[in-house]
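Contents: one structure, followed by commentary.
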Amino acid sequence: MRQLEISDADRPHRALALEATAVLITTTVDGASTIEVEIPDPTRAHLIGVPGTGLRAAFQGRPWTQVTVDRRGTDLVLGFEDALVARLRTLTEPFVLTQPVTAESAIRRLAPDVELELDPTIGSRRVAGIGRSITGTTDSWRELGALATRLGARVIALGDRLRFGTDRWLCRSPARTVRENTDHVGRVRFHLDAALPTDRAHLDVDAGWDLDAGDAIALAGCGPADGAWLIAEWSRRLPHAGTTKVRLTRSKE
């Protein structure tokens, strides 16, 4: 697994030697994916700038932006957020689309110059009243989330692109077929309930697992749980050792 690299925002190609005592990476389809990096204080503390303007990180080719810094005991904890989410949060200039437009047009207005992977059924829906508040209390990331909820979809930021669609569409092309006790997967647990709108499952995975939240997999050999699932969340600590859990979800719609 490639190492997390942290650099100065003004010199993004120059890696900084920050001695991390712990790193926690959480990728999720429910909000923003994050990284927490604990460093001994005052080790290299002078390199830590103001959140949002200080540090950048890269992990497995995905960019991240520092958005928080906290003091916990004798350590400083740097909080990084998916770089695209961080950028969309800075888009706050008010506007309102009063006339009905396609959802695709609204999304592209809220997220200009962003590579978009869009569910065509959702993209063709007509919506009105989309925009950013004239009071300046909203931003593009928040409004995209509200629009996704309104349309029964999800908005997933992936560092350099945006994925917007229903769970069924997101599960359209499973990246991998998964069986219990094979290919970096241990035990598979699932809960299927006819009274619930979604099915739930968990995988125990080892350090060789390399898919993230927002990817689709196909369970096999699990009887009633067989078929396509969406990876909803996975947290890992670096260095990644032992077994961790991957949370899955599957809509019944």
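The values are calculated or read from the model by the stated rules, or taken from the named source; none is laboratory data. All figures in this text were calculated on a predicted structure; none of them were measured in a lab. Here the Cβ positions follow ideal geometry from the backbone for every residue, glycine too, while neighbour counts run over all protein chains shown.
Quick look at the numbers
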| read-out | value |
| --- | --- |
| Top-ranked residue of the stretch 195-223 - restricted to ones that are more than 18 Å from residue 184 (Cα to Cα) and touching a strand residue (DSSP E or B) at 6+ places or on another chain (Cβ under 8 Å), ranked as surrounded by the most Cβ atoms within 10 Å (Cβ to Cβ) | 214 |
| Residue check, residue 161 closer than 18 Å to residue 84 by Cα and either β-branched (Val, Ile, Thr) or surrounded by fewer than 19 Cβ atoms within 10 Å (Cβ to Cβ) (or both) | yes |
| Any hit, the stretch 204-217, residues being under 22 Å from residue 85 (Cα atoms), modelled with pLDDT of 95 or more, part of a helix (DSSP H, G or I) and among the small types (Gly, Ala, Ser) | no |
| Options 189, 200, 172; residue that is under 19 Å from the mean Cα position of the chain (by Cα) and at pLDDT 95 or above | 200 |
| Matching entry among 101, 77, 69 (being at pLDDT below 95, under 23 Å from residue 138 (Cα atoms) and either buried (at least 16 other Cβ atoms within 10 Å of the Cβ) or out of contact with any Leu (no Cβ under 8 Å at 6 or more places or on another chain) (or both)) | 69 |
| Qualifying positions in the stretch 21-38 - assigned to a strand (DSSP E or B), among the hydroxyl-bearing types (Ser, Thr, Tyr) and more than 19 Å from residue 148 (Cα to Cα) | 26, 34 |
| Entirely in the stretch 72-131, the helices (runs of 4 or more DSSP H) that have 3 or more residues that are without any contact (Cβ under 8 Å) to a residue 40 or more places away in the chain | 103-110 |
